[in-house]
Each structure stands twice: as C-alpha cells, then as structure tokens.
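First comes the structure, then the notes that go with it.
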Amino acid sequence: MLKIGLIGVGFMGKTHLENYIRLAQEGAQIQVVAICDADESKLNGGGAAGNIDTSSSTIDYSKFNKYTSVESMLAAEQLDVVDITLPTFLHRAIAVQCLDAKVHVLCEKPMALNAEDCEAMIQAAEANGKQLMIGQCLRFWPAYVYLKDLVDNDTFGNAVSGYFYRGGSTPSWGPWVLEKEKGGGALMDMHVHDTDAIHWLFGKPEAVSCNGRNMIPGSGYDIASTSYRYEDGKIVNAHVDWTLQGDFGFEMGFKVNFERGNVQFTGDSVKVNPNEGAGFNPELSADMGYYFQLKYFVETLLEEKPFLTATPRSTMGSIDIIEAELASADNGGAWVNVKQ
C-alpha cells in the first residue's frame, strides 16, 4: 500500500486527488492520507478553477489529515509518495525537501524554472535512492500517445511537418502565474506542454527561433510562436496564446504530416488521413492524460520498477529547449542552439 501526501490543493491538486481516489476505487493499492496547502481554505475544497474542466465528483476532505506546512506533514506522516502541485518557483525546493525525507516524488510540470534547478532535483533523487517523475501529461494523453505510436512505428513513414498549438484566457488561479520570475510566462507555464511533446516525439531540435509578445505587464511572454530546426529538415512549429478572452475557452491540438498520410487532433477527436484510402477516426479513450499519468506513476512504484516515461532527465531536456526559446524571443527571434 502506497501512502500518498498531496502538496498543493489548487485546481491541479484537486485533479490529481480525484484521480487517486478513482484509482483506489479501481483496486490500486494506494491511499491519499494527507493534504497540504498554505491556504487553509483549499484544504476544504476552496480555490479557483483552471483553464480545462478536470473535475467530475465531490471530494470528501474530512478523510485526509491536513497540514499548512510541508515540514509538519513530512514529520507527522509515514509517507511513501509525495505529489507536488505547487507554483513553479517552488518546485525545486519542495521536491528536494521531500526527496531528502526519503519519499518518492511526482512533481507537476514544468519541472522547474531552469535546467540548474532540474539538475538539483535529479541529484537529490539519486542521492536518496528515490524516484522522481515529472507530470508532463501529454506523454499520457491518448491523442498524443497515438501520435507517438505513429512516429515510432513509421506507420506513414517519416514526419515531414508538425504544428502544435494551445491557447485560452489569461490564467486566474493564482497571482504567481502572471509574475515572470515565478511562473515564467506562457512559454514556461502553458507552451511547455507542446515543447515537451515535440521533444518526446522527435527528439531535441538542433536550434529554435521564437517570437514572443508581452501583453500583461510583468508576466513574461503571453503570446509566442516557435520554430524547431531538425537535422532531417522537418518543419515543426508550436504556438501559444493565453490572451484569448471572452467566450473562447481553451483549445489544444496538433497537425502532423507524414510521407504517406497526415493526422490532426482538434481537442475532441483524432482524424487520420492516409494518402491512399479513406480517412478514419481511431477509437481512443475519453479519459484525460492526468488519469493515465497517475496510473502509470503508482503502478510503476508498486511494481518496484524504474520510470521509463516522463523521466526527469528527459523532462529536464524540455526545459533546455524552453530556455533556448526564451533566449531567442529576447533576441527578436534569432536562432539559438539547444543544449544537447
């Protein structure tokens, strides 16, 4: 039985909590025993919603031991696992603190604000003999997993181009997210999903060219478009915009062209169009990547196996790419080499 402590009970923390409850109901040998948040109202279900609807049930918060400090939770509980869904600027310090307390850690994306912080987290995991996984949920999202299979199996030949996008209204779930030094702007907080997916699908690009625009004072780049240069010449671009106000809502998706077909995801369904033959919609699970991510996380720990998906080294590589994108945007879109 894995005893889990959840640190951060905002909208993403609630999403994780709901999925742990579901997994336990499905028979997984896990139990969330403690929740922790500096804001006491969140320990009883308060807090703002996010940009994507991830909730489906009512949580009984009376079942959990509640703490307002990580130190007190780690001292009082006999935990096997800690799940961190805190603001990005806290990831390094809290992850290292928990790893030093000899517990496994799942940390929400982005891994950290820079590669140096990522390295410190990895070193702490290795020094303490504990596992660290980063919540880059697109690596578990059915549409992106399907795309990964097409790429890895050469189903339609090599990819020749790809376009990835996501956008929505300006985040409102915490003031930190709109502070450049704490959240990193849309590039680090939202666009990192697509950068990580591109890295996972195609490997690290040689260089990037990013154009960014600040619309909200102090928040970093709120709109950005990045081109990724690969040795084989494939054309890959990703676009982010979190200033889409009004009734826009939230959208994400991709369009990838292969030598013998193309595939697109509109957020609702995947459409595959072979060059020869009729197009089709593959049957994919309606569950979000959060569920499959946490299922993989707990099952891998219960089986005492190492993580092979969303490893900290791999997700640190995505932060290397983001850092190059930020440097490019700061220099008017100049091509910047990516650390290999």
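A few points about this structure:
- Convex hull of the range 137-230 built on C-alpha atoms - directionally averaged projected area, nm²: 6.8
- What separates the Cα centres of the range 70-138 and the range 148-222 is a distance of 22 Å.
- Put in order of Cβ neighbour count within 10 Å, fewest first, the listed residues 191, 199 become 199, 191.
- P(r) tail fraction, the range 187-340 - alpha-carbon pairs more than 24 Å apart, %: 46
- Here, the range 48-178 yields an orientationally averaged convex hull projection of 11.4 nm² when only Cα atoms define the hull.
- Taking the chain as a Gaussian network of alpha-carbon nodes connected by springs under 10 Å, the highest mean-square fluctuation of the residues 132, 23, 244 belongs to 244.
- Here the range 136-279 is assigned +1 on the Cβ of each Lys and Arg and -1 on the Cβ of each Asp and Glu. Its dipole about the Cα centre then comes out at about 100 debye.
- Residue-wise HN-Hα coupling along the range 119-131, computed from phi with Karplus coefficients 6.51, -1.76, 1.60 (Hz; x: Gly, Pro): 4, 4, 5, 5, 4, 5, 4, 5, 5, 9, x, 10, 8
- Springs between Cα atoms under 10 Å define the GNM used for the chain, and in it the highest mean-square fluctuation of 77, 323, 18 occurs at 77.
- Kirkwood hydrodynamic radius of the chain, from inverse mean 1/r over distinct Cα pairs, in Å: 20.6
- For the range 208-287, the square roots a ≥ b ≥ c of the C-alpha gyration tensor eigenvalues yield an a/c of 1.5 or more together with a/b not exceeding b/c, which makes the shape oblate.
- By the rule of a C-alpha distance below 17 Å, with chain neighbours fewer than 8 residues away ignored, the aspartates and glutamates paired with residue 271 are 149, 251, 259, 283.
- Residue pairs, from the table 109/295; 109/255; 3/295; 148/182; 109/182, whose Cα atoms sit over 25 Å apart: 148/182
- The charge dipole of the chain, taken about the Cα centre with unit charges on the Cβ atoms of Lys, Arg (+1) and Asp, Glu (-1), comes to about 80 debye, rounded to the nearest 20.
- Entry note, the chain: the mean residue ellipticity at 222 nm calculated from DSSP H runs of n ≥ 4, each adding -39500 (n - 2.57), is -10000 deg cm²/dmol after division by the residues and rounding to the nearest 500.
- GNM flexibility winner over the chain from 304, 71, 251 (Cα, springs under 10 Å): 304
- For the range 72-111, the convex hull spanned by the alpha carbon atoms encloses 62 Å³ per residue.
- Each of 84, 4, 235 was scored by other Cβ atoms within 10 Å of its Cβ. Listed from fewest to most, they are 235, 84, 4.
- Cross-link reach is defined here as a Cα-Cα straight distance under 17 Å, omitting same-chain residues fewer than 8 places apart; for residue 305 the aspartates and glutamates meeting it are 80, 126.
- Note on the range 243-277 and the range 1-23: Cα centroid distance 30 Å, given to the nearest whole angstrom.
- Sorted by Cβ neighbour density within 10 Å, fewest at the top, the residues 161, 219: 161, 219
- Overall Cα dimensions of the range 242-325, principal axis frame, Å, largest first: 44, 36, 29
Read-outs throughout are calculated quantities, based only on the coordinates presented, and are distinct from any laboratory measurement. Just so we're clear, the structure is a prediction, and the values are computed from it rather than from any experiment. Glycine also receives a Cβ, built like all others from the backbone with ideal geometry; neighbour counts cover every protein chain displayed.
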